[in-house]
Structure formats: C-alpha cells, structure tokens
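Contents: one structure, followed by commentary.
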Amino acid sequence: MGIDTRGWILNPGAERVDVNQYTQEKTKTSNTNFYYSFLFLPKKKRDAIFTFYSFCRHSDDIVDDASDEESARRELARWRAELNACFEGRPTHPITQALHGTIEEFSLPKDYFEALIDGVEMDLRQKRYTTFEELETYCYHVACVVGLICIEIFGCRSEKAKEYALRLGTALQLTNIMRDVGEDAREGRIYLPLEDLERFQYSEADLLNETYSPAFVELMRFQEERARRCYQQAVECYERRDHHLLFPAEIMRKIYYNLLQRIGKADYNVFAKRIRVPAHSKILYALRCWLGSRWRRLAP
C-alpha cells in the first residue's frame, strides 16, 4: 500500500496495513516522552494511546511541515473532514482507521479532538500571546485536551482526575515552551507572554536574535516558577486511589519536571543546545511509577 508524506492511502484497493503497528511505529520513531510514559500500560490501552498520539502528531505535522500557510489550511480542512468520517464509521487513513475502534472502545468525545485541531490551527493565525491568559487558552487546546483524552483511556473519569489533567497539561506545555524558545524564535514564533517580556525589559527583537542576557535569565526564571506552580497544582488534584490508573501520567509528570529542572541548571541557556532528559532516566521514572502503582503507593 502506498502512503504519501502526510500518510494518506494512495491506493485503497491494495492490501491493508496493520494500523496498530503503523501507529505504534509512528509514536516510537517520533522520539517522544509519550513512548516511555505508556510502556507499562495493558496492551489494549497502550495501543489506544499510541493511536491517539499518532493523531496528535499528524495534526501537528500538518502545520509544521507545510510549505506555506495556505497548504496547511487545506490539509487541516482535509484532516477535519477525515475526523468527521472517523466518527461516522468511514475512515480512510491508517491513523483514523485505528482511531475509530479506539473511539468506540473508550467512548471518546469528539469535541476534544476538534479542540486539538483548533489548537494546531492557532499556530497559523497567532504567533504572539499578549497575556498569560491568552497562552493558557492555547495550552488547553494543544496539551490539556490530550490529557483529558488520555484519562478517558486510562479509565479514570472523576472530576479530580480531569482537574489533574488540566493542570498537568498546562505544566507540560509551559515546559515545552521554555525548552523550545530558540527553535520557535527561528520560526518567528514567540509563546512567552509579551507582558512578561515587557516586565523584564527583554524585547521581541532580543528573543528573535536569541540574545542570552541577565534579562533573559530573569524572564525564564519567572517562567520556571509559573510552571512549578502548575505542577504543584496538579499534584494537589492527584488522588492516591487513582494511582493504578494514572501512573502513566505520573511518569510524564516526573520526566517533564526533571526537564524543567535541567533547564534551570543550565541557567536557562536554551539557545546553546536542546536540553533533554536521557533515555535511561526516562526508563527509570517509568519503572518506578509502574512499580509504585503495583504496590498501591506513590513511587519515590
């Protein structure tokens, strides 16, 4: 079967691909922290998560890989139509073919998927955020709804769990934004709130020129403190009784919190190199959280 650069089936009459294998490989080769977080899930839930992540990754790639804005808009419209087809039981893409079964198995709501595509589309029309409140809206669409869908798949649907997913999603996205400040600047995008830049007297031009200065360090320290508060709020919403269901999210929390710490230890110089958490550390966090869930206690 032929699949083009966006993954669309070129010859539908050909032999069908193994959609579960397709989505798992797409997740694994994306070098994502998601992969380590979901290794210890039961196979049915793990396959569902990998399928959902593939949907997220493909949605994001439509904007990131497009040759121009108009092409991205056309592909997003096409992807929205494919999402509608998926919920109507007539998917044509390897990802949505797998996703259709996942949606039915776990009763996943369509509005979360639509919100995610809305968030991806925001990157086409908005490259600056004046206030943190504006940025929070973006975080909801591109990160928090991911958490909300994940907890549905985990089988944890309490209001506390939803609040945990919202707080954690914001914390993870703020950490991503800090790590990727330089990469985003090269694309002409600034996610740090402009009110924060003004507060620390660090200009847009400084950021676009990747100027590492005392003002930038103070600006980033402020972002770190905000992200830390979001992580703490997530912990405060976490109910111990849900540990056997939410341990994959706790793996993600620990990995990203360690990433945040590493950014701070590097004196916030994210321009010099991409800051990462080593694979062996990710595996260790995953193993500890999984064992903690097995023993019904929080991992250290």
TODO: Answer yes or no as to whether T137 is modelled with pLDDT of 95 or more and part of a loop (DSSP other than H, G, I, E, B).
DONE: no
TODO: State whether one or more residues within segment 155-162 are of a type in the set (D, E), over 22 Å from V270 (Cα atoms) and assigned to a helix (DSSP H, G or I).
DONE: yes
- [ ] Kindly establish whether T175 is part of a helix (DSSP H, G or I) and touching a residue at least 24 places away in the same chain (Cβ under 8 Å).
- [x] yes
Task: Breaking point among (1) in the same structural domain as Y238 (by TED's automatic domain parsing); (2) crowded, with 20+ Cβ neighbours inside 10 Å; (3) touching a residue at least 40 places away in the same chain (Cβ under 8 Å); (4) assigned to a helix (DSSP H, G or I), for L116 - done: (1)
- [ ] Please state which one of R167, R226, R221, R186 is of a type in the set (D, E, K, R) and closer than 28 Å to R294 by Cα.
- [x] R167
TODO: Among the candidates T102, T137, single out the residue that is without any contact (Cβ under 8 Å) to a residue 60 or more places away in the chain, among the hydroxyl-bearing types (S, T, Y) and over 21 Å from C230 (Cβ atoms).
DONE: T102
- [ ] Please find, within segment 213-243, the residue that is modelled with the lowest pLDDT out of those that are closer than 18 Å to E159 by Cβ and not charged (D, E, K, R).
- [x] H243
- [ ] Would you check which residues across segment 219-235 are without any contact (Cβ under 8 Å) to a residue 40 or more places away in the chain and under 20 Å from K160 (Cβ atoms) and list them?
- [x] R229, Q232, V235
Open item on the list: Among the residues in segment 142-150, are any buried (at least 22 other Cβ atoms within 10 Å of the Cβ), modelled with pLDDT of 95 or more and more than 14 Å from the chain's Cα centre (by Cα)?
Closed with: no
Task: Index of the failed condition, D118 passing every other in (1) touching a Phe, Trp or Tyr at 6+ places or on another chain (Cβ under 6 Å); (2) farther than 18 Å from P248 by Cα; (3) among the charged types (D, E, K, R) - done: (1)
- [ ] With a cut-off of at least 1 residues that are within 19 Å of the chain's Cα centre (by Cα) and either surrounded by 15 or more Cβ atoms within 10 Å (Cβ to Cβ) or in the same structural domain as E159 (by TED's automatic domain parsing) (or both), name the helices (runs of 4 or more DSSP H) lying wholly within segment 195-300.
- [x] 214-237, 243-265, 279-294
- [ ] Determine, yes or no, whether D65 is in contact (Cβ under 8 Å) with a residue 40 or more places away in the chain, under 18 Å from the mean Cα position of the chain (by Cα) and exposed (fewer than 15 other Cβ atoms within 10 Å of the Cβ).
- [x] yes
Task: Hits in segment 119-133 - residues which are at pLDDT 95 or above, in a helix (DSSP H, G or I) and over 18 Å from the mean Cα position of the chain (by Cα) - done: F132, E133
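The values are calculated or read from the model by the stated rules, or taken from the named source; none is laboratory data. This is a predicted model, so every value here is computed, not measured. Don't worry about glycine lacking a Cβ; one is built from the backbone with ideal geometry, like all the others, and counts go over all protein chains shown.
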